[in-house]
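K.L.:
Structure provided below as structure tokens; questions to follow.
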Amino acid sequence: MCVTCRQNSFQPSRRGLVLGAAATIGLLLGNAAGAKEKKPPPKPQNVLSPDASLERLRKGNARYVEGVSLRHDFKHEREALAGGQNPFAAILSCADSRIAPEYAFDSGRGDLFVCRVAGNFANNDTVASMEYAVAVLGVPLILVLGHDSCGAVDSTIKSLKDDKPLPGHMPSLVEAIAPSVKAVSQQGGDTLGKAIRQNVIDTVAKLGSATPILSAAVEQHKIRVVGGIYRLRDGMVDMVA
Ligand SMILES: [Zn+2]
């Protein structure tokens with residue numbers, strides 16, 4: 001299902017900080033939270049509800065697909081963002097060079113808080129980064145972004161099937177993606193496509209239930225965690241979670 005089809009199915013909710021967690025993290029991180037309290041956000045238009053954030057992503061993706069992306073004035077964006085950031089969405093994307101979330105959603109600098117790892121899975125580091133995005137920066141939406149023909153997922157399938165570990169540090173990718181692959185391995189058909197989809201769905205669930213910060217923000221309807229799959233051929237992002 002594409003984002004267009006889902007836009008009216010979401011419950012409205014207001015964007016806001018998880019105040020207790022933000023205060024704690026602000027103390028730990030010094031100026032990041034403190035500066036936000038003292039100054040208005042550099043881009044006030046980025047203060048959006050979760051639904052409005054997703055709609056903004058959808059419109060940006062539509063422009064990207066149609067080849068009518070906006071022109072960005074990087075010089076003045078740099079100046080505006082020197083004093084802080086106010087991203088309207090956080091994205092956990094595969095590291096694949098063909099994805100590029102800022103292009104795929106036709107966004108400017110300071111708009112998206114992006115973490116990328118081959119296979120777009122959640123581990124302690126990416127969960128912590130998403131916690132920062134939500135609790136300190138007030139991001140109202142987290143999007144997990146996989147893509148078709150994902151090499152990380154395909155390598156995991158082959159490694160498990162052949163019972164052959166990948167070289168170097170790559171087994172850590174296999175370990176993270178393996179549960180999603182195993183969940184669909186007996187279903188037959190397009191195992192790669194199903195595993196890619198399952199990996200996005202599982203990662204959305206893991207982020208949304210990550211205690212204490214993300215789970216509380218979801219329960220209070222301050223954020224939404226959603227998942228999409230980027231089509232390499234036409235650039236469209238189909239929502240799957
Ligand atoms: Zn990938």
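The values are calculated or read from the model by the stated rules, or taken from the named source; none is laboratory data. This one's a predicted model, so the numbers in the text were calculated from it and none came from an experiment. Cβ atoms come from the backbone with ideal geometry, glycine included; neighbour counts cover every protein chain shown. Just so you know, the surface numbers come from the protein's heavy atoms only, side chains and all, with ligands and any DNA or RNA stripped out. Shrake-Rupley method; radii C 1.70, N 1.55, O 1.52, S 1.80 Å.
K.L.:
How many Å² of accessible area per residue for the range 79-231, probe 1.4 Å?
P.N.:
Value for the range 79-231: 42 Å² per residue.
K.L.:
Sorted by packing (mean other beta-carbon atoms within 10 Å per residue), highest first, where do 127-134, 211-218, 61-68 land?
P.N.:
127-134, 211-218, 61-68
K.L.:
Using only the alpha carbons of the range 144-241, what is the convex hull's orientation-averaged projected area in square nanometres?
P.N.:
Projected area, direction-averaged: 7.5 nm².
K.L.:
Let me check I have the definition right: for the range 50-177, take the eigenvalues of the Cα gyration tensor, multiply each by 5, take square roots. What are those semi-axes in whole Å, largest first?
P.N.:
Over the Cα atoms of the range 50-177, the ellipsoid semi-axes are 30, 17, 13 Å.
K.L.:
Quick check: at a probe of 1.4 Å, how many percent of the accessible area of the range 169-241 sits on carbon and sulfur atoms?
P.N.:
Heavy-atom surface of the range 169-241 belonging to carbon and sulfur, 1.4 Å probe: 54 percent.
K.L.:
Restrict the search to the range 168-241; then list the trypsin sites (Lys or Arg not before Pro) that DSSP places in a loop and that have at most 16 other Cβ atoms within 10 Å of their Cβ.
P.N.:
Of the trypsin sites (Lys or Arg not before Pro), the ones in loops of the range 168-241 whose Cβ has at most 16 other Cβ atoms within 10 Å are Arg231, Arg233.
K.L.:
Determine how large the accessible area of Phe74 is when every protein chain is in place; take a 1.4 Å probe and give Å² rounded to the nearest 10.
P.N.:
110
K.L.:
Between rounded, prolate and oblate, where does the range 46-115 land on the alpha carbon gyration tensor, with a ≥ b ≥ c its root eigenvalues, rounded for a/c under 1.5, else prolate if a/b exceeds b/c?
P.N.:
Note, shape of the range 46-115 comes out rounded.
K.L.:
Residues with beta-carbon under 10 Å from that of Val184, excluding Val184: net charge, scoring Lys, Arg +1 and Asp, Glu -1?
P.N.:
+2
K.L.:
Related question: Ignoring any ligand, DNA or RNA, what whole percent of the accessible area of the range 60-151 comes from carbon and sulfur when the probe is 1.4 angstrom?
P.N.:
51
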